[in-house]
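A short write-up of the structure that comes next.
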Amino acid sequence: MDISTWIVIYLPLFIIFLIVLPQQNSVRKMIIMKKKRKGGRAIMPNELLKKYIGKNCIIYTGSFGTNVMGKIIEVNENWIEVETKKNVELINVEYVQNIRIVNK
């Protein structure tokens with residue numbers, strides 16, 4: 001194989017793995033840091049969350065993950081333990097945007 005074939009094959013891979021992906025991670029980190037600096041997001045106090053233990057709810061995490069529907073089992077420090085239909089999930093309170101109580 002000549003040098004031009006190697007360039008055609010490996011140059012796009014080099015660009016993707018060494019330039020594009022690290023930039024996406026740094027942009028994501030910058031967005032999170034800006035939100036923390038602005039102080040626009042208030043962390044929910046545990047006392048507020050503890051009164052919903054045992055109730056079915058939908059927890060919205062926005063763009064950081066998926067919405068979780070289930071029963072709140074326990075609240076410890078900044079983690080919520082939720083029992084879904086399939087398994088038990090732990091959600092970081094810092095990423096919770098909204099909690100909606102579902103009557104079932």
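Scoring 18-30, 84-96 by mean Cβ neighbours within 10 Å over their residues and listing the highest first yields 84-96, 18-30. The charge dipole of the chain, taken about its Cα centre with unit charges on the Cβ of Lys, Arg, Asp and Glu (plus for the first two, minus for the last two), comes to roughly 580 debye. Relative to the longest principal axis of the Cα atoms of the chain, helix 21-38 runs at roughly 40 degrees. Once divided by 2.2 N^0.38 Å, the Cα radius of gyration of the stretch 1-41 becomes 1.95.
The Cα atoms of the chain cover 69, 36, 21 Å along the three principal axes, with the biggest extent listed first. Computed over the chain, relative contact order equals 21 percent, with contacts defined as Cα pairs under 8 Å that lie 6+ residues apart.
Quick note: the coordinates plus some simple rules give every number you see, no bench work behind them. Here the structure is a predicted model, which is why all the values come from computation and not from measurement. Backbone-built Cβ (ideal geometry, glycine too); neighbour counts: all protein chains shown.
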